[in-house]
Amino acid sequence: MQQPPQGEYIYTMEFSGQMCMSKCALVFIIILFFMVPVAAQTTPPPWSWNTYSGTSQWMVTITEDQSGCGGGVTTTQSSVSIQHNLTSAVMGDIGHGPATGTFISGNILHIPGRTVSDPPGSSTLSAYDIFFTTDCSAFTGKYSWDYTGPDTVGACTGTTSFSGTNSQGCPGSNEVTPVVSPTPVDYYASMLAGPHAELLNYLPLCDERDRLQHDIDVFNAASNLNYRLTGKYLDEPPDITQDRALLNQDKDKIKTMGSEIENGYQMVLVKDPNNFQANWDMAQLKKSEGQLAVGIGYAKTALNNNVAGNEADAIKRDFAEGNNLDDYPSPGNSNFVATIGNNLPSASQNVYGTSLPQTSTEPSLLSNLWNFEIYVSPNTAVKDGNLVNQMVYSR
Amino acid sequence: MTAMFLSGLVLLTLFAGCVSNSPNSASQNAIVQEQSAFIAAAKNCTDTTVTITDAVGTFRYTSSDNCVFTKTLVRLNQSEMQKMKTMLEGKNMTCLYTKGNFDPRLVTSLVGGIEYCSGDLKDDITNLMLFT
């Protein structure tokens, strides 16, 4: 039998291979044509948290290393929510109170450093980033903290690391739920949660500052008196020297915290200049900074805007209940209150930002309201929990 | 005619004298004098205590030789409602000042100068100022 020419055979073989390969490729392409859409349906596009407004819920594992403070390493779990407002967010408490941050990219939330009350002392937290996965299933972060306090621990350093998981997927990835626009109150309440929490840490620091200053002033007065009587100043006791050092520390912390808190409130005031809580809290903040005219301006804006009717009534009702009065006293039923009213100079026309008259030698209403305080009875629940909660702002 | 005129003048003078020497006016003068005396002592950081009753109630004012002023509401006027008395009576406030710089309004007014004081009395007064 004659063998076919080698070349022909080879040619035939090659042609057959190409035909096979073409068919295989076609099949592969057809398969891909069906697979890719299926794959697209089962793999969601990457998510960016900085485009979301709303609340996300997480199960967070928190590991706190207190070995530098004579303690151990503890791990706990808790349910934590995050309030999102596009490029900013407030993470719920994972050990040092709520934290407000800004997204520096789609899924990296930057929390700036801050100092928080950590009774009996305080802790200065480092800045840190929280990294979220693009499928919304997890996040992780870690920060260090420096504790200082009057207890036996004194000063020490530790770390807190945390990771959160979420089995719900990205917002809107499950059933389609009707989009309900948050009411303005809800919207601003979520923005105010962070700075308000910071303010509640800040105000006790101001109280401590004022107490230390008072103690130093009392000593100085006694020392000056001694000088007048004997020609000699008193020797400064160690606790006064310590008070001076602590006072300087507090002043530095207050300066840093104050500006961060104010930035948080200004984000709301830019959009809602008459927001009651933002104005009222800013009034407290400015008062604590000694800016009485500006503080009173915020207070009057809070009290005089249309929304304040209910809040003002709540404050009055709370004051009355806290002091066992039937009603908030008025000039009509109290000689004492009538006298207060008579003692107050006539109010100037003050609106937010208006300066006091430079030529006036009489204290204006603003000056006399310098020490406005709001007392909230611990036994009374104020109807709007974000408004004036059960904290005493007294000095 | 002249006699009638003179009689009227005498009566008018007597009447004016009676008015000027009425109990209210006399007591008001006494209050002012007591306040002035205390203010002068306080300015000098002199150790002194005085209790003065005015239209609001009875206040005890104390200044010390290290320039610390204390104002105590001892008793409110009888016309004040009982719950206000319960709330306010006995409360005080303390104010530090420097020699020669005592604010007289701390004595002559309920609200003047209290921004630099501390204490329950000050807290209540400022809360009552807020909506007045």
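The numbers here are math on the coordinates, done by the rules we state, and not lab data. A quick note: this is a predicted structure, and the numbers were derived from the prediction, not measured. Cβ sites come from the backbone with ideal geometry, for glycine too, and all protein chains shown count toward neighbours.
Some notes on this structure:
- For the stretch A:247-288, a simple Cβ point-charge model (Lys and Arg +1, Asp and Glu -1, everything else neutral) yields a dipole of about 120 debye relative to the Cα centre.
- Ordering A:H96, A:H196 from the fewest to the most neighbouring beta carbons within 10 Å gives A:H96, A:H196.
- Approximating the spin labels as points 7 Å out from Cα along Cα→Cβ, the B:Q78-to-A:H110 distance works out to 7.2 nm.
- Full extension of the chain between A:T159 and A:D146 yields a length gain of 3.8 nm, computed as 0.36 nm times the residue separation minus the alpha carbon distance.
- Entries in A:K251/B:K122; A:K232/B:K43; A:K253/A:K287; A:K253/A:K286 that, when Cα-Cα distance is taken, lie over 19 Å: A:K251/B:K122; A:K232/B:K43
- For the stretch B:18-88 and the stretch A:117-158, distance of Cα centres in Å: 54
- In this simple spin-label model, placing a label point 7 Å from the Cα along the Cα-to-Cβ direction at both B:Q33 and A:S137 gives a separation of 9.2 nm.
- Residues A:F319, A:F219, arranged from fewest to most other Cβ atoms within 10 angstrom of their Cβ, appear as A:F219, A:F319.
- Among A:Y233, A:Y265, B:Y97, a tally of other beta-carbon atoms within 10 Å of each Cβ gives an order, fewest to most, of A:Y233, B:Y97, A:Y265.
- Charge dipole of the stretch A:52-174 (Cα centre as origin; +1 on each Lys and Arg Cβ, -1 on each Asp and Glu Cβ, all else neutral): 220 debye, rounded to the nearest 20.
- At an R0 of 45 angstrom, the distance between the Cβ atoms of A:N263 and A:D327 translates into a FRET efficiency of 0.70.
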